[in-house]
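Remarks on the structure that follows.
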Amino acid sequence: MIQLVGAGKRFGPKLLFENLNVQINPGDRVGLVGANGTGKTTLLKILAGIESLDEGDLQSARGLAFGYLPQDGLRLSGRTVMQECLSVFENLKQIEKRLETIAGELSDLPPDSAEYRELAGIYHQLENEFTAADGYSLEAKAGQILSGLGFSKDDWGRRVEEFSGGWQMRIALAKLLLEQPNLLLLDEPTNHLDLESRDWLEGYLNQYPYAIVLISHDRFFLDQTVNRVLELWNKQGFLYSGNFTKFEKQKEARREQLIALRKSTAERAEQLEAFINRFRALATKAKQVQSKIKELERLPKIEIPPEEATIHFRFPQPVASGRTVVEATDLAKSYGEKHVFSDFNFLIHRGDRIALVGPNGAGKSTLIRLLAGLDAPTHGECKLGHNVDVDYFAQDQYKVLDPKARILDDLTNYAPGRSQTELRSLLGCFLFSEDDVFKQIEVLSGGERNRYALARMLLYPSNFLLLDEPTNHLDMRAKDVLLHALKNYTGSVVFVSHDRYFIENLATRVFEVRDGALLDYAGSYPEFLDYKARMAARAPAGNGDEAERTSAPLAKEDAPATASAANGDAKRARRLNPIKMRQMEEKRSELEEETARLESAIAETEAAMAVYVTAEQSMRQSNELDALRERLDATMQEWAEVSEAIEAETAEA
């Protein structure tokens, strides 16, 4: 469908990538990954025809339609939201107008006239074309996508210029999804989405009928949406099959294979050189020596890509606060006539790591600003505990920085008394090395400015961190190190993030802000989602939200206990007959045999991998081993479920 051959691109004097060979086929879902500055966005623009290659060729199939969504910068005006979305169907709108015109003309003509028959034929042809393109359901399609992306029906009639930049990017995304180009190119499509809209987009892209290439630093999103990964690293491109988790495993396996191949190649080179040096002077060995020399020249030169730079740091551990960090009582906030939330009552304890979730516009950033003391509540109070020291990181934290200042100079002025060595070490942890520290802040990318703002914050640690989207524009390695540091941080954290992986691995407690109310759940994010699903399933129709609208903390043990009791009742009421019992026992025996077979196959594959043949064979063996292990896990899970059902029936008998 589209192919890059020997592609190379420079950004000024900097080489982004070279000799890149990639083919994207219909139906491919490619995740484009790599560290900030490796050229991901540039490559996406090249595929969209916005930028050109410096070397190589871009070949595409005739009639290929592109759809490109940039990270930001789009501004829309002049239409309502619905009109803007429907503008992608301009050709169908023209057909619709033509049909209306012809219908009017037909009403004025005698049905038996030649002109009537001719116009009727044209009308019939146009109507078939309009119907085939689902012309009668355009508004329904647009409404479905707008709803999925978080727009209410009241928003559909509003002017697009009334919306913020993030919401305008959602409108642009909605237009692309309605247009359905053959090749959909998305640069960080989840940046401006809340978790619900992000999950909806994930499901939509899984059903998308054409090829997709997307950039995302959200590993959970990539895992759910892509089947191939193209990594830009060390000025090269490497293509892997599978989602992001499989890519990480394959990448590590590939590096190990290259190391093993280089070792075996070096050993063979030593053997050849020893033979050549030993028998070079003997005429009787001349042919063999020449053969060994040619073999030595043919040996591949194995280069191991350098290890990626990684941020290594720990938050300086702060002075401990009191046990109660924040006590909120009857907290409410309004802006004029706009009511945001009310009756928030909660306690935040020392060591809590609270994920603040909810749809965009629900009041997450408002609540975090109240906690930071930047805004005053309309009603109630938000009282800090003993010895609590607050530090707040805003979404646009970098805007308070001097754009003309150089990084190192700004950091020196911010932290007088700190040595240059200490400051440069801190910057190095955030990938600002060598001459990077002398860059002006205004020339930094969004991700670089975010990294610098985080580094700046760490110079004065506090024991209560309020982080509003700290992971925005950070690459995955930076997110991983930030995640590790926060998990080991001894203070308290309240954070807003739309990165599912980050939330799942950090939060010990969840605050959901929705419809002006607060749900306080004392557990991890996966447990919170499980609790919400159970509550939705148990709630009566039309009353599903009532059980959730509370600011009293819900212990994670509460809901599972209730669910377990219900499951017990159901099991007691459901008795299996002897035939069903025999079938289940036979199934368990089959699963036990399958488990033994898979374990044997895994052992054989592992033994085969111990003998290196080629890199390609090692890769195939590694993929086979992953597949066998996945099947073994699924088989053992099914065996456990069947065994549990048999034991439950036996206990009831």
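Looking at the range 122-144 only, could you name the residues that are over 23 Å from residue 104 (Cβ atoms) and either touching a strand residue (DSSP E or B) at 6+ places or on another chain (Cβ under 8 Å) or at pLDDT below 85 (or both)?
Pass one, the range 122-144, residues over 23 Å from residue 104 (Cβ atoms): 132, 134, 137, 140-144.
Hits for the range 122-144 are 132, 134, 137.
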Which condition breaks for residue 211 when tested against (1) modelled with pLDDT under 90; (2) small (Gly, Ala, Ser); (3) over 21 Å from residue 85 (Cα atoms)? (1)
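Hey, any hits in the range 377-384 for a residue that's modelled with pLDDT under 85 and among the charged types (D, E, K, R)?
Applying the first criterion (modelled with pLDDT under 85) to the range 377-384 yields none.
No: zero hits.
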Filter result for residue 460 (assigned to a loop (DSSP other than H, G, I, E, B) and touching a residue at least 60 places away in the same chain (Cβ under 8 Å)): yes
Check on residue 84, part of a loop (DSSP other than H, G, I, E, B), of a type outside the set (A, V, I, L, M), out of contact with any Phe, Trp or Tyr (no Cβ under 9 Å at 6 or more places or on another chain) and surrounded by 11 or more Cβ atoms within 10 Å (Cβ to Cβ): no
If the requirement is being out of contact with any Leu (no Cβ under 9 Å at 6 or more places or on another chain), outside any strand (DSSP E or B), more than 24 Å from residue 198 (Cβ to Cβ) and modelled with pLDDT of 80 or more, which of these qualifies: 480, 436, 409? 409
Residue among 303, 273 that is outside the structural domain of residue 379 (by TED's automatic domain parsing), farther than 30 Å from residue 351 by Cβ, modelled with pLDDT under 75 and among the acidic types (Asp, Glu): 303
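Conditions tested, residue by residue: (1) farther than 20 Å from residue 186 by Cβ; (2) modelled with pLDDT under 90; (3) acidic (Asp, Glu); (4) buried (at least 18 other Cβ atoms within 10 Å of the Cβ).
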residue: 1; (1), (2), (3), (4): no, yes, no, no
residue: 21; (1), (2), (3), (4): yes, no, no, no
residue: 29; (1), (2), (3), (4): no, no, no, yes
residue: 36; (1), (2), (3), (4): no, yes, no, yes
residue: 40; (1), (2), (3), (4): no, no, no, yes
residue: 59; (1), (2), (3), (4): yes, yes, no, no
residue: 66; (1), (2), (3), (4): no, yes, no, no
residue: 72; (1), (2), (3), (4): no, yes, yes, no
residue: 75; (1), (2), (3), (4): no, yes, no, no
Within the range 339-354, identify whether any single residue is under 31 Å from the mean Cα position of the chain (by Cα) and part of a helix (DSSP H, G or I), and answer yes or no. no
Identify all residues within the range 306-335 that are modelled with pLDDT of 85 or more and of a type in the set (Val, Ile, Thr); write none if there are none. 319, 324, 325, 326, 329
Filter the range 490-515 down to the residues that are surrounded by 22 or more Cβ atoms within 10 Å (Cβ to Cβ), of a type in the set (Ser, Thr, Tyr) and out of contact with any helix residue (DSSP H, G or I) (no Cβ under 6 Å at 6 or more places or on another chain) and list them by number. 492
Every residue from the range 175-192 that is of a type in the set (A, V, I, L, M) and crowded, with 21+ Cβ neighbours inside 10 Å: 177, 183, 184, 185, 186
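The values are calculated or read from the model by the stated rules, or taken from the named source; none is laboratory data. Since the model is a prediction, treat every value here as computed from it, not as a measurement. Note: ideal-geometry Cβ built from the backbone for every residue, glycine included; neighbour counts use all protein chains shown.
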